[in-house]
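*Asks:* One structure coming up, written as structure tokens, with questions to follow.
What follows is calculated from the coordinates using simple rules that are stated; it is not laboratory data. All values reported here derive from a predicted model rather than from experimental measurement. As a convention, Cβ positions derive from the backbone with ideal geometry for all residues, glycine included, and neighbour counts pool all protein chains shown.
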């Protein structure tokens, strides 16, 4: 996903992938493009304190009717990408382990 002066991508489904060690990058991104992330950095850090990565969160942006997503993981596997293409739960953090979806509470 290109981040820059051309904000055309904000009208599309957007999924942001981040390594757990680089969460500080999300704070700058959130400050500049608050509509990009479906979960605030504070909320995301709170989830990561409770659960280890990988953590996923997807939400529908009702203004443009697109999906916004964030993935915090050390790596992404082809099986996970295939799973995500089939649809994901919205507005709840979840993990994907051993081919199973786990909603985090």
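*Asks:* Restricting the count to DSSP beta bridges whose residues both fall in the range 1-103, what percent are antiparallel, rounded to a multiple of 5?
*Replies:* 70 percent
*Asks:* Sort 20-32, 36-48 for me by packing, meaning the mean count of neighbouring Cβ atoms within 10 Å per residue, highest on top.
*Replies:* 36-48, 20-32
*Asks:* On to the next question. Give me the Å³ per residue figure for the convex hull around the C-alpha atoms of the chain.
*Replies:* Dividing the Cα hull volume of the chain by its residues yields 105 Å³.
*Asks:* Right, next: Determine how many Å³ per residue the convex hull of the Cα atoms of the range 9-51 encloses.
*Replies:* 76 Å³
*Asks:* Fewest to most neighbouring Cβ within 10 Å: what's the order for 15, 70?
*Replies:* Least crowded to most crowded, the residues run 15, 70.
*Asks:* Follow-up. Helix 23-32 versus the longest principal axis of the chain: what angle, 0 to 90°, nearest 10, using Cα atoms?
*Replies:* Computed tilt is about 30 degrees.
*Asks:* For 88, 72, 64, what's the fewest-to-most ordering of other Cβ within 10 Å of each Cβ?
*Replies:* Lowest to highest Cβ neighbour count: 64, 88, 72.
*Asks:* What does the extension gain come out to for residue 92 and residue 32, with contour length at 0.36 nm per residue minus their alpha carbon separation?
*Replies:* Full extension from residue 92 to residue 32 adds 19.2 nm.
*Asks:* By how many degrees, 0 to 90 and rounded to 10, does the Cα axis of helix 41-50 deviate from the longest principal axis of the chain?
*Replies:* Tilt relative to the chain: about 10 degrees.
*Asks:* Over the chain, what is the mean sequence separation of C-alpha contacts under 8 Å (at least six apart), divided by residue count, expressed as relative contact order in percent?
*Replies:* Averaging sequence separation for qualifying contacts and normalising by length gives 28 percent for the chain.
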